[in-house]
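Student: I am attaching a structure below and will ask some questions about it afterwards.
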Amino acid sequence: MLRIGSRGSRLALTQAELAADRLRRPGVEIALVPITTAGDRDRTKPFGEIGERGVFVKELEEALLDGRIDVAVHSAKDMTSSDTNGLAVGAYLEREDPRDALCGAEGLRPEMRIGTASIRRRAQLLALEPTLSIEPLRGNIDTRLRKRGERGLDAVVLAACGLDRLGLAHEIGHRFEPEQLLPEAGQGALALQVRAGEEELVAEADDPETHRRVGAERACVAAIGGGCLAPIAAHHDGRTLTALVADPDGAWIERRTGDDPVALADELRALAPS
């Protein structure tokens, strides 16, 4: 029996099924175990009032450490930038579209009202168009799409991969290229986390190229010292790693490219105003 833990949202369970398909083999029975996280329980407070980092992964990691599940399936972008003691990412599934998606409009216009809870997106959107009104918006994908209409927002920004996985690509008016909005480290990838020393449970599901790219992105963010509350982003396109640090209101953005995650992080730390 291989017990796979996942958040209970429609997207999370869809992603857990993708992982289960990759892990099925003769003689192994798979059970999906939905787990509610702090980020799921509180859909109204800003992330910083719930917990500093990993609000969508902590309870899954605790279940792994307690032996209640054998594998945790995470959206890699939700994970902290460094591995929790006693746990390891044994595999990354092949990455899907890492871009951010604008839903409700085909592009940015002056003075639009846009919903997002991500300060990474907020900073970069305001840098692209300073007259935008960025309004906090939390909830699962279906909820955020619904709230766009209820609150009269012009658009919301979501991860394109989640919309694609749920068959909602038709909701997307524009996919931002990384040159416009640099994605969160790990965005588009699914991480299979296990107890340290048990990586062989999921090794066959690993996509080496995704592992290489996401590993570099997470290493860069860890070296910068930021988590999901900091306006930091990192994305590897297969050729080079790009990272940025930004002012939350988009007043400045420092973006650099390179090959060494730590050297890139050191450069960005030196450039960012203290």
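Student: With only alpha-carbon atoms in the gyration tensor, what are the semi-axes of the equivalent ellipsoid for region 163-205, in Å, largest first?
Tutor: On the way: eigenvalues 190, 45, 9 Å².
Equivalent ellipsoid semi-axes, largest first: 31, 15, 7 Å.
Student: With charges only on Cβ, +1 for K and R and -1 for D and E, what is the dipole size of the chain about its Cα centre, in debye, rounded to 20?
Tutor: Dipole of the chain, to the nearest 20 debye: 740 debye.
Student: Using Cα springs under 10 Å in a Gaussian network model of the chain, which residue among R122, R138, R165 shows the largest mean-square fluctuation?
Tutor: Answer for the Gaussian network model of the chain: R165.
Student: I want to verify a result. In a Gaussian network model of the chain, Cα cutoff 10 Å, which of these has the top mean-square fluctuation: T36, T116, T143?
Tutor: Taking springs between Cα atoms under 10 Å, the residue moving most is T143.
Student: If you roll a 1.4 angstrom probe over the protein chains with everything in place, what fraction of the accessible area of the chain belongs to carbon and sulfur, to the nearest %?
Tutor: Using a 1.4 Å probe with all protein chains present, the chain comes out at 48 percent carbon and sulfur.
Student: Dividing the alpha-carbon Rg of region 73-199 by 2.2 N^0.38 Å yields what? Write out the running numbers ahead of the final one.
Tutor: On the way: Rg = 15.9 Å, N = 127, 2.2 N^0.38 = 13.9 Å.
For region 73-199, the normalised Cα radius of gyration comes out at 1.15.
Student: Under 8 Å for C-alpha pairs, at least 6 residues apart: give me the relative contact order for the chain, rounded to a whole percent.
Tutor: Taking the mean separation of contacting Cα pairs over the length of the chain, I get 23 percent.
Student: Taking 0.36 nm per residue of sequence separation and subtracting the Cα-Cα distance, how much length would be gained by fully extending the chain between D237 and L271, in nm to one decimal?
Tutor: This chain segment gains 10.0 nm when fully extended.
Student: Now for a separate question. Only one of the values [x] 1.01; [y] 1.26; [z] 0.96 was calculated from this structure for Rg/Rh (Cα atoms, Kirkwood Rh); name its label.
Tutor: Answer label, from the structure shown: [z].
Student: Considering the alpha-carbon set of region 155-274 alone, what are its Rg and its Dmax in angstrom?
Tutor: Computed over the Cα atoms of region 155-274, radius of gyration and Dmax are 15.8, 46 Å.
Student: Hey, another quick one. Amide H to amide H, which residues 5 or more places from G115 or on other chains are under 5 Å from it, using H placed in the peptide plane?
Tutor: When sequence neighbours closer than 5 places are left aside, the close amide H contacts are E135, A155, V156, V157.
Student: At 0.36 nm per residue, and after removing the present C-alpha to C-alpha distance, how many nm does the segment from T14 to D259 gain when stretched out fully?
Tutor: 84.8 nm
Student: For a quick check of your reading of the filter: which GluC sites (Glu not before Pro) in region 144-210 sit in a DSSP loop and have no more than 12 other Cβ atoms within 10 Å?
Tutor: E179
Student: Can you list which of the DSSP-assigned H helices in the chain have a Cα extent of 18 Å or more along the long axis and an average Kyte-Doolittle score of at least -1.0?
Tutor: Numbers: long enough: 10-23 (20 Å, 0.16); 208-224 (24 Å, -0.22).
Membrane-span-like by this criterion, though nothing is claimed about a membrane: 10-23, 208-224.
Student: How much accessible area per residue does the chain have, counting only protein heavy atoms and a probe of 1.4 Å, in square angstrom?
Tutor: Solvent-accessible surface per residue comes out at 44 Å².
Student: Which distance in nm do the two modelled labels at E29 and E150 give, with both placed 7 Å along the Cα-to-Cβ direction?
Tutor: In this crude spin-label approximation the distance works out to 4.0 nm.
Student: Under 10 Å, Cα contacts only: if you run a Gaussian network model on the chain, which one of D237, D78, D100 comes out with the highest mean-square fluctuation?
Tutor: D237
Student: What is the sum of charges, Lys and Arg at +1 and Asp and Glu at -1, for the other residues whose Cβ falls under 12 Å from the Cβ of L64?
Tutor: Neighbour charge sum, excluding L64 itself: -3.
Student: With r as the distance between the Cβ atoms of S82 and D21 and R0 = 30 Å, compute the FRET efficiency 1/(1 + (r/R0)^6) and round to 0.05.
Tutor: E(calc), rounded to 0.05, equals 0.55.
The values are calculated or read from the model by the stated rules, or taken from the named source; none is laboratory data. Small disclaimer: the values here were computed from a predicted structure and weren't measured. Cβ sites come from the backbone with ideal geometry, for glycine too, and all protein chains shown count toward neighbours. Heavy atoms of the whole protein, side chains included, go into the accessibility calculation; ligands, DNA and RNA do not. Shrake-Rupley method; radii C 1.70, N 1.55, O 1.52, S 1.80 Å.
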